[in-house]
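The values are calculated or read from the model by the stated rules, or taken from the named source; none is laboratory data. Quick caveat, the model's predicted, so the values are computed rather than measured. Here the Cβ positions follow ideal geometry from the backbone for every residue, glycine too, while neighbour counts run over all protein chains shown. Protein only, heavy atoms only, side chains kept; ligands, DNA and RNA dropped before computing areas. Shrake-Rupley method; radii C 1.70, N 1.55, O 1.52, S 1.80 Å.
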Amino acid sequence: MRKLMVLCLLAYGYFYLSKQGMVPSIEQLKRFVLNETPSAQQTGPIMQQQANQKQSVTNLAAQQQPSTTAAPALYNKKYSPTKIQTYWVTIKDNKLVVTGKATPYGQYTNANGVILYIDEQRANKKTTVKVPFSNDDTIHYEFPLSYNVGDVILNLNEYYNGKADDPNKVLGYAEYHLTDGDPYLEPSYMVQSNNPVLVSLAKRITAGKRTDTEKSRAIFEWVANNIAYNAPLADSPNPPLYSALTTYEHRVVLCSGYADLSAALHRAVGIEAKVDYGENHAWNEVKLNGVWQTEDPTYGSGFINLNTGKFVRSYHPAYFYKSDKHKEGEYPW
C-alpha cells in the first residue's frame, strides 16, 4: 500500500512539473524515443487563412493570459505578450521582441536556437531569421518592424541539425494588429507617401491651396492629366499592380496605379486616403471635411476607344466626386 501511495505521489509530481515545462511531457518523451519532430501547437501557419488565424489568436489569448510573475521582461500593455511554450513574444518600440529558453524537447535534441518566420503584410515582406541560443539555451531577439500599423504574424520553431525548415510546422505563432498610427496617413509598399520624390511632387501640386478640398482637387487633376491608361492590358487575366512610385516613373499604368499614386500624394500632404476596389477596378476614398469622398482618377483621365482599343485622354472633372463602380473592399495599405 505504501509503495502504491509513493508511486501515485511521483506520478502526480511528474504530471505537475511537465505542465510547468520543467520536465518533458509524456508526448515529448514519446517523440524523442521515436525520433519524431514535435507537433505540439502546430497551429496558425503563415499560409493559413486569415479568418482562422484571428479566431485562433483570440482563443489563444483567452487561454494564455500571463500572470504578473510569469510575464516577460519586456511588456507592452497595448500588445499583450503571447506565450509559445517556453517563449514569449510581444511588441515594444516598433520592434517584435522574442525571449525565452529552449523547450525540454529542444534540450534533448540539442537544438541550436529558434527560427522565426515573420510576415509583415503591409510591407508585403516575409522574413526568416535564425537566432542561436546563448550559452544557457536562452534567447533575446528584437526585430525592427517596417511599419507601426498593419498585421504582423510570427511563426516560431526550434532548429537543430538534420531538421528541415518549414514555416507551416512550428511550435506556435503570435499575431498582432499594429495601430500606432493612422493607416490612411502612413506609407506602405504600394503607397510610398514618404518617398522624397513623391513628397516634393505633392507639395508642388498643392502649393498655394488653402483647404484640403482645394488640395485634393489639385491632386486629382494632376494625376488624371499626367497618367495614361495602359489599354492593351485592360483585359489581362493577371494584370500587374503599379505602386505609387512606379506609376510616377512610368506614367502608363492600370487603375491600381492611378489609385496608389493619388493616395500617396494625399497622404504626403496630411490628407487621409484609401485605395478601394470593386468590379475589377480600383479608385480612392479621400477624407475631406470629416467625410470620406469617392474619387476616381482613372475615369477622370479619359476612356478607351472601342473601335481602336486605344486610350483617349479626356479629362472628366465629375469623377472628383464619384466612381462608376461599386465598392467591394479596401486594400490593406
Inset, instruction - Report the equivalent ellipsoid semi-axes for segment 178-222 in whole Å, largest first, defined as the square roots of five times the eigenvalues of the gyration tensor built from alpha carbon atoms. - result: 22, 13, 9
Inset, instruction - With a ≥ b ≥ c taken as the square roots of the eigenvalues of the C-alpha gyration tensor of segment 118-188, please select rounded if a/c is under 1.5 and otherwise prolate if a/b is larger than b/c or oblate if it is not? - result: prolate
Legend entry - When each of K125/K325; K130/K163; K101/K130 is checked by Cα-Cα distance, pairs over 23 Å: K125/K325
Inset, instruction - Could you tell me what fraction of 2.2 N^0.38 Å the Cα radius of gyration of segment 195-246 comes to, as a two-decimal ratio? - result: 1.44
Legend entry - Scaled radius of gyration (Cα, divided by 2.2 N^0.38 Å) that segment 258-300 gives: 1.07
Inset, instruction - Keeping every protein chain in place, order R122, R217 by accessible area at 1.4 Å, biggest value first, i.e. largest first. - result: R217, R122
Legend entry - Proximal aspartates and glutamates to K169, defined as alpha-carbon separation beneath 13 angstrom and excluding residues fewer than eight positions away on the same chain: E36, E158
Legend entry - Cross-link table K78/K287; K274/K327; K203/K287; K215/K322; K203/K322, entries beyond 20 Å C-alpha to C-alpha: K78/K287; K203/K322
Inset, instruction - Would you compute, for the Cα atoms of segment 181-333, the largest minus smallest coordinate along each principal axis and list the three values in descending order, in whole Å? - result: 43, 29, 28
Legend entry - Protection-proxy order for peptides 110-118, 272-280, each taking the mean of Cβ atoms within 10 Å per residue, highest first: 110-118, 272-280
Legend entry - Full-stretch length increase - K310, L185 - with 0.36 nm per residue and alpha-carbon distance subtracted: 41.5 nm
Inset, instruction - Using only the alpha carbons of segment 71-206, determine the length spanned along each of the three principal axes and report them from longest to shortest in whole angstroms. - result: 64, 32, 24
